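*Asks:* Here it is, the structure, as structure tokens.
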Amino acid sequence: LHKILYRLSGGRYGARMGWIDVALVTCTGRKTGKQRTVPIACYPYRDSVAVSASNSGMETHPAWYLNMQANPRVTVQLGKECFQAMAEEVASEEREALWATVVKINKHQGEYLAAVQREIPLVWFRRLQEA
């Protein structure tokens with residue numbers, strides 16, 4: 001329902017959940033090759049946004065993250081704006097500062113960090129130049 005409302009409204013509805021921005025990210029399924037769109041909480045990073053692959057504090061990575069590892073080219077809808085991007089891991093030297101920003105915006109992410117043994121990946125969407 002979230003995806004439908006987001007898309008039909010052109011990003012006017014669904015682009016925020018409370019105080020947290022939400023992006024619609026379309027990636028290619030690693031097994032099926034089909035396009036999959038997921039709403040993901042996102043955080044400002046460089047000229048784009050980053051997302052946490054926290055999977056709500058579970059010990060496994062979310063399917064969308066595994067899909068992006070296999071097929072990193074994605075389409076991102078951020079409110080009314082749509083752009084092509086490459087999903088890339090946030091560099092290790094920038095993780096700590098970005099995590100501080102993420103947790104400041106969304107305290108649940110801090111709870112997820114404390115609850116899991118795995119390193120939760122941070123992924124940013126590097127914008128691709130339009131051809």
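*Asks:* Considering only residues that are open to solvent by 80 Å² or more (accessible area, probe 1.4 Å), touching a residue at least 12 places away in the same chain (Cβ under 8 Å) and part of a loop (DSSP other than H, G, I, E, B), which ones fall in segment 1-38?
*Replies:* Scanning segment 1-38 gives Arg12, Trp19, Arg30.
*Asks:* While we're on this one: Does Asn71 satisfy the criteria of being touching a strand residue (DSSP E or B) at 6+ places or on another chain (Cβ under 9 Å), at negative phi and crowded, with 20+ Cβ neighbours inside 10 Å? Steps first, answer last, please.
*Replies:* Working: touching a strand residue (DSSP E or B) at 6+ places or on another chain (Cβ under 9 Å): yes; at negative phi: yes; crowded, with 20+ Cβ neighbours inside 10 Å: no.
Against the criterion (touching a strand residue (DSSP E or B) at 6+ places or on another chain (Cβ under 9 Å), at negative phi and crowded, with 20+ Cβ neighbours inside 10 Å), Asn71 does not qualify.
*Asks:* Also, quick follow-up: Which condition number does Val103 fail, the rest of (1) among the aliphatic types (A, V, I, L, M); (2) assigned to a helix (DSSP H, G or I); (3) out of contact with any Gly (no Cβ under 6 Å at 6 or more places or on another chain) being met?
*Replies:* Every listed condition holds for Val103 apart from (3).
*Asks:* In segment 116-131, which residue that is modelled with pLDDT of 95 or more, aliphatic (A, V, I, L, M) and outside any strand (DSSP E or B) is farthest from Pro72 (Cα to Cα)?
*Replies:* Of everything passing the filter in segment 116-131, Val116 is farthest from Pro72 (Cα to Cα).
*Asks:* Between Ala41, Ala97, Ala87, Ala53, which is hydrophobic (A, V, I, L, M, F, W, C), open to solvent by less than 60 Å² (accessible area, probe 1.4 Å) and more than 20 Å from Met17 (Cβ to Cβ)?
*Replies:* Working: Ala41 fails: more than 20 Å from Met17 (Cβ to Cβ); Ala97 fails: open to solvent by less than 60 Å² (accessible area, probe 1.4 Å); Ala53 fails: more than 20 Å from Met17 (Cβ to Cβ).
Within the list Ala41, Ala97, Ala87, Ala53, the selection yields Ala87.
*Asks:* Taking Gln109, is it polar (S, T, N, Q) and not in a helix (DSSP H, G or I)?
*Replies:* Values: polar (S, T, N, Q): yes; not in a helix (DSSP H, G or I): no.
In short, no.
*Asks:* Cβ-Cβ distance below 8 Å, separation of 6 or more or different chains: which pairs start in segment 86-107 with a residue that is in contact (Cβ under 8 Å) with a residue 24 or more places away in the chain and β-branched (Val, Ile, Thr) and end on one that is open to solvent by 20 Å² or more (accessible area, probe 1.4 Å) and assigned to a loop (DSSP other than H, G, I, E, B)?
*Replies:* Matching pairs, first to second residue: Ile105/Trp19.
*Asks:* Further question on the same structure: Given the options Trp124, Trp99, name the one that is over 15 Å from His61 (Cβ atoms) and in contact with a Ser or Thr (Cβ under 7 Å, 6 or more places away or on another chain).
*Replies:* Numbers: Trp99 fails: in contact with a Ser or Thr (Cβ under 7 Å, 6 or more places away or on another chain).
Going through Trp124, Trp99 in turn, the sole match is Trp124.
*Asks:* If I ask for residues that are free of Cβ contacts under 8 Å to residues at least 40 places away in the same chain, within 21 Å of Glu81 (Cα to Cα) and touching a helix residue (DSSP H, G or I) at 6+ places or on another chain (Cβ under 6 Å), which ones from segment 39-70 would you list?
*Replies:* Selection gives Pro39 alone.
The values are calculated or read from the model by the stated rules, or taken from the named source; none is laboratory data. What you are looking at is a predicted structure, and each value in this text was computed from that prediction instead of being measured. Here the Cβ is made from the backbone with ideal geometry for all residues, glycine too, and neighbour counts use every protein chain on show. The accessibility values were calculated without ligands, DNA or RNA, using every heavy atom of the protein model including side chains. Shrake-Rupley method; radii C 1.70, N 1.55, O 1.52, S 1.80 Å.
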